Amino acid sequence: MTVAARRLPSSVWVTGLTVGAVAVVAVLAVKAEQGPQPHATAAARPSASASAQPSAKPSQAAAPAVPDGSGTGRRVVYSLGQKRVWLVDASEQTRRTFVVWPGSVSPEPGTYSVGQRDEARTGSDGVAIEHVMFFATGSGLSIAFSNAVDGASPQPVSGVQTGGIRMSKADGTALWAFGDTGTAVTVVK
């Protein structure tokens, strides 16, 4: 047999190389869909207490439950001791909960309702505030939820009585959208 007879036609070579390249691309695509492959190292070995199922999301602490004795139905719940507010819908589901920065004058525990809403004003501490929702009085002051326009948390002012219960800007926006005039506000210890 001569050398020319043993040579394969170039179309066979091109077809073989194309099939091989497609196979490599297919294998790489399958591996890419599976995500990054971890490499075992001495420092990263699973322990006996490791979860068999990896978590797709970082764990978050569960939000505190709505306090007992805070009423029923659609309402805003404010805990004096926890310095926290819950927005509870008519089906008793918590729509949002967040920490607040109370003023120096607090409302007594009880049930109130939002009596007045002001989109923006100046607080008794001289800070520009928004999403102001008045619901109680104490020591001759109106008590209201609000957030600072600049989003800052209030600094205590020595000797000044304030009835503002401040929150972050995002929480103030959520409370403003949730609570209309007449919305129930339950204050608990």
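The values are calculated or read from the model by the stated rules, or taken from the named source; none is laboratory data. Values in this document were obtained by computation on a predicted structure and should not be read as measured data. Cβ atoms come from the backbone with ideal geometry, glycine included; neighbour counts cover every protein chain shown. Only protein heavy atoms, including side chains, enter the accessible area calculation; ligands, DNA and RNA are left aside. Shrake-Rupley method; radii C 1.70, N 1.55, O 1.52, S 1.80 Å.
Multiplying each eigenvalue of the alpha-carbon gyration tensor of segment 108-189 by 5 and taking the square root yields semi-axes of 19, 16, 11 Å, largest first, rounded to whole angstroms. Our coupling estimate for segment 120-132, obtained by passing each phi through the Karplus curve with A = 6.51, B = -1.76, C = 1.60 and θ = phi - 60°, is 7, 5, 9, x, 5, 9, x, 8, 5, 10, 9, 6, 8 Hz, Gly and Pro reported as x. With the cut-off at under 17 Å, measuring from each backbone N in segment 93-126 to a point 7 Å along the Cα-to-Cβ line of T181 picks out 113-121.
In whole percent, how big is the carbon plus sulfur part of the accessible area of segment 140-189, probe 1.4 Å, protein atoms only? All intermediate terms of the calculation are to be shown ahead of the outcome.
Working: 1250 of 2270 Å².
Of all accessible area on segment 140-189, carbon and sulfur atoms account for 55 percent.
Pull out the extension gain between K83 and E119, defined as 0.36 nm times the separation in residues minus the alpha carbon to alpha carbon distance; nm, one decimal.
On the way: separation 36, 0.36 × 36 = 12.96 nm, distance 2.31 nm.
Net length gain for the segment: 10.6 nm.
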